[in-house]
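Here's the structure, in structure tokens; my notes come after.
The values are calculated or read from the model by the stated rules, or taken from the named source; none is laboratory data. What you see is a predicted model; the values in this text were computed from it and never measured. Ideal geometry is used to build each Cβ from the backbone, glycine not excepted, and the neighbour counts take in all protein chains shown.
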Amino acid sequence: MAINSSRKPFWPLIIIACCSIIIVGLTAAGFPKYFTPKNPPQSAPITTRSTGNTQANTNNSCPIKDIVVRATDEEIKGRPIEITDISSDNETLLSLISMNLFDETVANQVAKSLATTIQARTGKGFTPTSNLKSGKRYSIYLDENGAFRKATIELSPSDVFHCVKDGDNYRSWREDVVLEYRTEALTFQIKKDFLTTILGLHENKEFSLKLIHVFRWDIDFQSDPRKGDVCKVVFERRYADDTPAGYGRILFASYEGKRTGRKTACLFNGQYYDEHGVELRKDYLRAPLNVLRVTSGYGWRIHPVLNVWKFHTGVDYGAPIGTPVYAIASGVVTFQGWGDAYGLWVSVRHENGIESRYSHLSKILVKKGQRVSQREVVGLIGSTGRSTGPHLFFEIITQGKRIDPTKVKMVRNPASIPAPLQGRFKSVVIRESQLLPESAMRTADKSQDRNPKSIFSTRPL
């Protein structure tokens with residue numbers, strides 16, 4: 001049979017048809033409208049809500065008054081909640097409890113009960129509004145309806161106080177503890193993320209919080225750690241009747257990461273310095289909270305609510321409702337209130353024209369015009385506004401431009417060890433670093449002995 005060479009091949013038609021289908025699909029999804037890389041779209045105007053009217057505000061300043069700055073109780077209902085954290089500068093017993101309880105009457109009663117017991121057992125004047133030192137561990141337990149169950153505050157290793165609901169009253173007591181401290185060393189490699197690695201070593205969240213607290217000016221543990229990073233720690237482990245019962249101080253730590261480089265911390269005269277004697281405390285924190293999960297970074301993404309291609313002008317940190325949110329630096333609150341997209345949010349103006357914003361909060365704990373200090377709690381994690389679940393939307397604005405918060409390192413002239421003390425400081429660094437054997441790497445092997453004495457030598461203080 002002769003072949004008809006004049007017949008045209010049909011594969012070009014198939015290609016044209018496929019391209020047409022793709023173009024129609026992208027058009028239906030709004031792709032051409034939002035994808036303009038050379039001129040990225042600005043943030044959508046935020047509609048503010050006040051009592052009586054609604055207005056658009058393209059500057060995102062939301063100048064409104066008489067707003068409700070608290071999410072509904074239903075947001076925290078559904079399952080028991082345990083809130084564990086450490087205190088910041090200038091916080092009080094009342095502020096720690098009230099920021100995590102929606103019933104302010106209960107918060108006042110719990111704080112009063114604990115303060116009365118603390119004063120009676122320590123013999124020192126103590127009230128619900130007495131300032132606490134930073135780094136004090138506390139826990140608050142709520143039932144599945146968000147109602148108070150128990151509170152614990154650890155003022156010192158031997159001064160641990162508890163409060164529970166007893167009928168219509170609240171009962172507090174001091175825990176009887178016989179303590180021993182042993183200095184131990186731990187070297188480990190990041191496998192997945194920081195918290196998962198810590199838990200895989202049979203340590204607990206308290207240990208991770210202490211390390212985060214030490215490196216809070218240099219490492220953002222939500223975004224900086226990478227698989228293969230190595231962390232070495234010399235720390236105090238607390239024992240009660242020869243049983244591990246928590247942690248004492250971090251004495252020395254080093255973190256060598258692909259993104260962070262080498263970071264060190266040595267405890268000296270109550271402050272942390274790097275191995276060269278430069279104080280770790282800086283003007284700005286690397287992150288506004290202690291949780292360890294970035295759910296959405298800075299840059300282009302498909303918006304989870306609008307389902308369109310949109311530029312994300314900040315970072316989303318996933319965390320349970322009620323998690324404290326900290327001011328990254330001292331400054332003045334320029335706004336606190338409601339924006340339809342932001343939900344409940346707070347804006348703080350810092351030095352050099354830098355502004356930080358904290359959105360989707362469940363509760364706001366500051367007022368407009370109030371001066372806040374670094375790591376002061378400005379609000380609690382929530383899911384208000386345009387949100388698909390509990391998280392913090394965090395932005396940094398400088399000179400009117402939103403920048404990537406995870407890449408900002410705002411440091412200004414940290415202090416150094418005074419010359420007369422440098423010799424003693426160097427001897428402390430050498431002593432502590434010698435406790436870190438290079439070959440001893442603890443891994444997340446469940447078959448491994450959980451007692452670190454079988455891996456590292458210990459020494460009494």
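Look through GLU180, GLU184 and report the one residue that is charged (D, E, K, R), in a strand (DSSP E or B), touching a residue at least 40 places away in the same chain (Cβ under 8 Å) and buried (at least 19 other Cβ atoms within 10 Å of the Cβ).
Details: GLU180 fails: buried (at least 19 other Cβ atoms within 10 Å of the Cβ).
None of the others qualify; the one that does is GLU184.
This table checks each residue for (1) in a loop (DSSP other than H, G, I, E, B); (2) among the β-branched types (Val, Ile, Thr); (3) closer than 15 Å to LEU94 by Cα.
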residue: ALA115; (1), (2), (3): no, no, yes
residue: ALA120; (1), (2), (3): no, no, no
residue: LYS133; (1), (2), (3): yes, no, yes
residue: ASN145; (1), (2), (3): yes, no, no
residue: VAL160; (1), (2), (3): no, yes, no
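Out of region 143-177, which residues are exposed (fewer than 15 other Cβ atoms within 10 Å of the Cβ) and among the hydroxyl-bearing types (Ser, Thr, Tyr)?
Selection gives SER156, SER158.
Which numbered condition trips up THR384, out of (1) outside any loop (DSSP other than H, G, I, E, B); (2) in contact with a strand residue (DSSP E or B) (Cβ under 6 Å, 6 or more places away or on another chain); (3) over 15 Å from PRO288 (Cβ atoms)?
With respect to (1) outside any loop (DSSP other than H, G, I, E, B); (2) in contact with a strand residue (DSSP E or B) (Cβ under 6 Å, 6 or more places away or on another chain); (3) over 15 Å from PRO288 (Cβ atoms), THR384 is out only on (1).
Given the residues SER254, SER172, which is the only one that is at pLDDT 90 or above, more than 25 Å from LYS407 (Cβ to Cβ) and not hydrophobic (A, V, I, L, M, F, W, C)?
Values: SER254 fails: more than 25 Å from LYS407 (Cβ to Cβ).
SER172 is the lone residue from the list that is at pLDDT 90 or above, more than 25 Å from LYS407 (Cβ to Cβ) and not hydrophobic (A, V, I, L, M, F, W, C).
Can you name the residue in region 54-107 that is of a type in the set (Lys, Arg) and farther than 19 Å from LYS367 by Cα and is also modelled with the lowest pLDDT among such residues? Talk me through it step by step, then tell me what you get.
The first filter runs over region 54-107 and keeps only residues of a type in the set (Lys, Arg), leaving 65, 70, 77, 79.
Adding the requirement that they be farther than 19 Å from LYS367 by Cα leaves 77, 79.
Values: LYS77: 51, ARG79: 73.
Filtering first and then ranking leaves LYS77.
How do the pairs read when you match residues in region 390-402 that are under 23 Å from LYS363 (Cβ atoms) and in contact (Cβ under 8 Å) with a residue 40 or more places away in the chain with residues anywhere that are in a loop (DSSP other than H, G, I, E, B) and of a type in the set (Phe, Trp, Tyr), using Cβ under 8 Å and keeping only pairs 6 or more apart or on different chains?
Partner pairs satisfying both residue conditions: PHE393/TYR342.
From THR398, THR295, THR313, THR334, grab the single residue that is of a type in the set (Ser, Thr, Tyr) and under 18 Å from PHE221 (Cα atoms).
When all the criteria are applied, what remains is THR295.
Results for (1) hydrophobic (A, V, I, L, M, F, W, C); (2) under 13 Å from LEU289 (Cα atoms); (3) free of Cβ contacts under 8 Å to residues at least 12 places away in the same chain, shown as yes or no for each residue.
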position	(1), (2), (3)
LYS310	no, no, no
ALA327	yes, yes, no
ILE354	yes, no, no
LYS368	no, no, no
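Mind telling me which of the residues VAL333, VAL325 ends up being part of a strand (DSSP E or B), touching a Gly at 6+ places or on another chain (Cβ under 6 Å) and crowded, with 19+ Cβ neighbours inside 10 Å?
Details: VAL333 fails: touching a Gly at 6+ places or on another chain (Cβ under 6 Å).
The match here is VAL325.
Restrict the check to region 232-244 and report whether at least one residue is closer than 26 Å to VAL408 by Cβ and either more than 15 Å from the chain's Cα centre (by Cα) or in the same structural domain as GLY135 (by TED's automatic domain parsing) (or both).
Going through region 232-244, the residues closer than 26 Å to VAL408 by Cβ turn out to be none.
The answer is no, given that none of the residues of region 232-244 is closer than 26 Å to VAL408 by Cβ and either more than 15 Å from the chain's Cα centre (by Cα) or in the same structural domain as GLY135 (by TED's automatic domain parsing) (or both).
Hey, can you tell me all the residues within region 305-319 that are closer than 30 Å to ASN145 by Cβ and surrounded by 15 or more Cβ atoms within 10 Å (Cβ to Cβ)? Write out each step before concluding.
As a first pass, look at region 305-319 and keep what is closer than 30 Å to ASN145 by Cβ: 305, 316-319.
Result: ASP316, TYR317, GLY318, ALA319.
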